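The values are calculated or read from the model by the stated rules, or taken from the named source; none is laboratory data. Everything numeric in this text was worked out from a predicted model, so none of it was measured. All Cβ positions, glycine included, derive from the backbone under ideal geometry; neighbour counts span all protein chains shown.
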Amino acid sequence: MADYDLIVWNDTLVTGIDKIDEQHQILVNLFNEANTKLTVNNSAEFLEQITRDLLSYALYHFEAEEGLMQKYGYTEDKVEDVATHIQQHRSFSTKVVAVRNDIKAGILISREELLAFLNGWLINHILNTDKRLAAFLLVSEQYRG
């Protein structure tokens, strides 16, 4: 069984955009909660709850990030980065919806597979994609934090 350490919030994950960092901390906490509570044999109801909570908060967070992109001109200046960023948001949502549909059909995702997906996606997205957005916002003359 693969074992995933809890994600420790630290300076490498900080983007410098308070709103984004606060939301990322909540996502990290949701991952850590799932990591702590998931076992080898999880019920469909429990997996449903975890994926519902993750998807719900992730969608809220994605909307906030995409709003910042629009408001501060990222969509005009960084067209390729925006396309990648939004595609990653949609890909995450699609994967979680697929997992939820499988759960409803009685196909339960393993602890290892769910944690591997969440950990890999979250860390990669923050360290790469979100940090590019934050770097743009931090030098934007319009952005006032």
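A few points about this structure:
- In the stretch 34-57 there is no residue that is under 16 Å from F136 (Cα atoms), surrounded by 14 or more Cβ atoms within 10 Å (Cβ to Cβ) and at pLDDT 90 or above.
Every residue, every condition in (1) at pLDDT 90 or above; (2) closer than 22 Å to N32 by Cβ, yes or no:
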{"residue": "L59", "(1), (2)": "yes, yes"}
{"residue": "E80", "(1), (2)": "yes, no"}
{"residue": "H89", "(1), (2)": "yes, yes"}
{"residue": "K95", "(1), (2)": "yes, yes"}
{"residue": "I103", "(1), (2)": "yes, yes"}
{"residue": "G145", "(1), (2)": "no, no"}
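- Residue in the stretch 4-33 that is modelled with the lowest pLDDT, counting only those that are of a type in the set (S, T, Y) and out of contact with any Asp or Glu (no Cβ under 7 Å at 6 or more places or on another chain): Y4
- Scan of the stretch 51-76 for residues that are of a type outside the set (F, W, Y) and more than 15 Å from S93 (Cβ to Cβ), ordered by number: G67, L68, M69, Q70, K71, G73, T75, E76
- Residue check for Q23: loosely packed, with under 14 Cβ neighbours inside 10 Å and either on the phi > 0 side of the Ramachandran plot or within 16 Å of the chain's Cα centre (by Cα) (or both): no
- Across the stretch 127-145, the number of residues qualifying as among the aliphatic types (A, V, I, L, M), under 20 Å from the mean Cα position of the chain (by Cα) and over 12 Å from E65 (Cβ atoms) comes to 2.
- Scan of the stretch 101-143 for residues that are in contact with a Phe, Trp or Tyr (Cβ under 8 Å, 6 or more places away or on another chain) and aliphatic (A, V, I, L, M), ordered by number: L115, A116, L118, L122, L133, L137
- Taking the stretch 16-31 as the range and being more than 22 Å from S93 (Cα to Cα), touching a helix residue (DSSP H, G or I) at 6+ places or on another chain (Cβ under 6 Å) and not small (G, A, S) as the test, only I17 passes.
- Flag if E112 is over 30 Å from V139 (Cα atoms) and within 17 Å of the chain's Cα centre (by Cα): no
- Any hit, the stretch 69-79, residues being more than 22 Å from Q25 (Cα to Cα), within 19 Å of the chain's Cα centre (by Cα), surrounded by 15 or more Cβ atoms within 10 Å (Cβ to Cβ) and of a type outside the set (F, W, Y): no
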